[in-house]
Amino acid sequence: MKWTLLKSATCLGAALILYYFKKRCGGPVCRCFSRLDNKIIVITGATSGIGLVVAQLLANRGASIIFTARNIDEGIVIQNYLRAATKNPKIYCKYLDLNDFASIHKFVLHVNQACSTVDLLINNAGVFFHPPSETVNKFDVTFQTNYLGHFLLTELLLPKLAASSRIIFLSSAAHFLAKSLDLKTVAAFDPEAVGSSARFQSYANSKLCLLLYSKNLARRCKERNINVYSVDPGSVETSIYRHFPFLRNPILKALQRPIRFIVVRTPFQGAQTVLHCAVSPHVSKETGLYYSDLVSKTPSDLSQDFELSTQLYDCSRRWTGLV
Ligand SMILES: NC(=O)c1ccc[n+]([C@@H]2O[C@H](COP(=O)([O-])OP(=O)(O)OC[C@H]3O[C@@H](n4cnc5c(N)ncnc54)[C@H](OP(=O)(O)O)[C@@H]3O)[C@@H](O)[C@H]2O)c1
């Protein structure tokens, strides 16, 4: 009897410790409950992971959501799931491939026709550790998906954004790994960049570019009262790791599972800072900042280089045919 009690107490203690660490690693939860009725939200890549949870959390607050998918059949299944789960019929899936400028123009045309204004743009879609390949527009796939496609989308949607609207970029702490940025080479597809460090670098560069662009955008949009936020969601268990060799190998994946279960966030946990920047009145006076765990943090020195952000903006306009 005494032995059974001791065993139960040990199990309970271990479960509590596990719960404590899982909660702690998961980060804080957004405690702002403002409603979003009559707000129109555009979110890229909400077919899985963080984007899907963010779309659901925002739809729960009454917003109209336009989310994007590359596989439209899969997208419609998700649209129906979200409508049923949130009891909000104003959720629409539209086709968008960030790796094709024509698709971005077509998507923007649709938004322009369907909506009077947009109140929140969440640039969420992204890839990590993608095998190097060239997009139809002749850029590196990671660079265009994570940065350049979102640059074009944001620039084209800017006239549609209402005063006091918000723009959120999903950045990453990985941007700290980018120690320099060569604008002559960063956008180009490099067939040699197959190794792990090259793929990491390509991801880090794309997230640095998002931060540089968000600073530039924040300056330009200040007068219109449009606020810009960059978010690091933390390390989150999603399908973004599908190309990562350590998680593609089933044995290595199984070995890492217990530790990943504790330290890697769930998509719900990863969505919290995005939600905070989307709804919290506390950030309504802030723009151009980088957030993690619901508070603004200092990003890398390079990401705050004014000259570099202006040069990147000029190059991006040329690359996307805006000039
Ligand atoms: N998970 C993490 O640990 C982590 C950490 C830091 C930052 N982030 C950032 O958070 C964002 C969301 O990532 P996640 O972890 O939720 O990944 P995820 O589950 O893989 O979701 C990524 C989304 O992006 C979409 N997408 C990919 N390529 C696209 C393209 N060419 N055009 C349009 N959509 C495209 C995907 O759609 P398909 O279904 O069509 O592929 C999917 O909906 C990313 O920007 C990522 O860099 C994630």
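The values are calculated or read from the model by the stated rules, or taken from the named source; none is laboratory data. Computed from a prediction, not measured in an experiment: that's the story for all the values here. Here the Cβ positions follow ideal geometry from the backbone for every residue, glycine too, while neighbour counts run over all protein chains shown.
Just a few scattered comments:
- Exclusive hit being polar (S, T, N, Q) and under 21 Å from residue 280 (Cβ atoms), set 64, 48: 64
- Inter-residue pairs, beta-carbon under 9 Å, first free of Cβ contacts under 8 Å to residues at least 12 places away in the same chain and more than 23 Å from residue 35 (Cβ to Cβ) and in segment 74-96, second assigned to a strand (DSSP E or B) and aliphatic (A, V, I, L, M), 6+ apart: 80/91
- Qualifying residue in segment 22-39 (condition: within 26 Å of residue 153 (Cα to Cα), at pLDDT 95 or above and within 12 Å of the ligand (Cβ to nearest atom)): no
- Residue 30 surrounded by 13 or more Cβ atoms within 10 Å (Cβ to Cβ), more than 16 Å from the chain's Cα centre (by Cα) and over 22 Å from residue 266 (Cβ atoms): no
- Restricting segment 167-202 to residues that are farther than 24 Å from residue 276 by Cβ and within 16 Å of the ligand (Cβ to nearest atom), the residue that is farthest from the chain's Cα centre (by Cα) is 189.
- Residue in segment 215-226 that is of a type in the set (Lys, Arg), surrounded by 24 or more Cβ atoms within 10 Å (Cβ to Cβ) and closer than 18 Å to residue 303 by Cβ present: yes
- Of the strands (runs of 3 or more DSSP E) lying entirely inside segment 212-323, those containing at least 2 residues that are of a type in the set (Phe, Trp, Tyr) span 289-292.
- Of the helices (runs of 4 or more DSSP H) lying entirely inside segment 57-169, those carrying at least 3 residues that are of a type in the set (Val, Ile, Thr) and surrounded by fewer than 21 Cβ atoms within 10 Å (Cβ to Cβ) are 72-86.
- Any hit, segment 223-232, residues being under 14 Å from the mean Cα position of the chain (by Cα), within 10 Å of the ligand (Cβ to nearest atom) and among the β-branched types (Val, Ile, Thr): yes
- Some residue of segment 264-278 being under 27 Å from residue 22 (Cα atoms), more than 16 Å from the ligand (Cβ to nearest atom) and surrounded by fewer than 16 Cβ atoms within 10 Å (Cβ to Cβ): no
- Failed condition for residue 215, given (1) under 21 Å from the mean Cα position of the chain (by Cα); (2) charged (D, E, K, R); (3) over 24 Å from residue 43 (Cβ atoms): (3)
- Members of segment 81-119 found to be hydrophobic (A, V, I, L, M, F, W, C), within 16 Å of the ligand (Cβ to nearest atom) and touching a strand residue (DSSP E or B) at 6+ places or on another chain (Cβ under 7 Å), listed by number: 82, 91, 93, 96, 107, 111
- Residue pairs whose Cβ atoms lie under 7 Å apart, separated by 6 or more positions or on different chains, with the first residue in segment 231-249 and more than 26 Å from residue 215 (Cα to Cα) and of a type outside the set (D, E, K, R) and the second in a loop (DSSP other than H, G, I, E, B) and more than 10 Å from the ligand (Cβ to nearest atom), are 243/129; 243/131; 244/129.
- Among the residues of segment 40-55, those that are of a type outside the set (Gly, Ala, Ser) and either surrounded by 22 or more Cβ atoms within 10 Å (Cβ to Cβ) or out of contact with any helix residue (DSSP H, G or I) (no Cβ under 9 Å at 6 or more places or on another chain) (or both) comprise 40, 41, 42, 43, 44, 50, 53, 54.
- Considering 281, 258, 250, the condition of being under 15 Å from residue 120 (Cα atoms) and loosely packed, with under 12 Cβ neighbours inside 10 Å is satisfied by 281 alone.
- Pair list, Cβ < 7 Å and 6+ apart or interchain, from segment 252-273 residues that are in contact (Cβ under 8 Å) with a residue 40 or more places away in the chain to residues that are near the ligand (Cβ under 10 Å from one of its atoms) and among the small types (Gly, Ala, Ser): 264/235; 265/234; 265/235; 267/49; 270/234; 273/292
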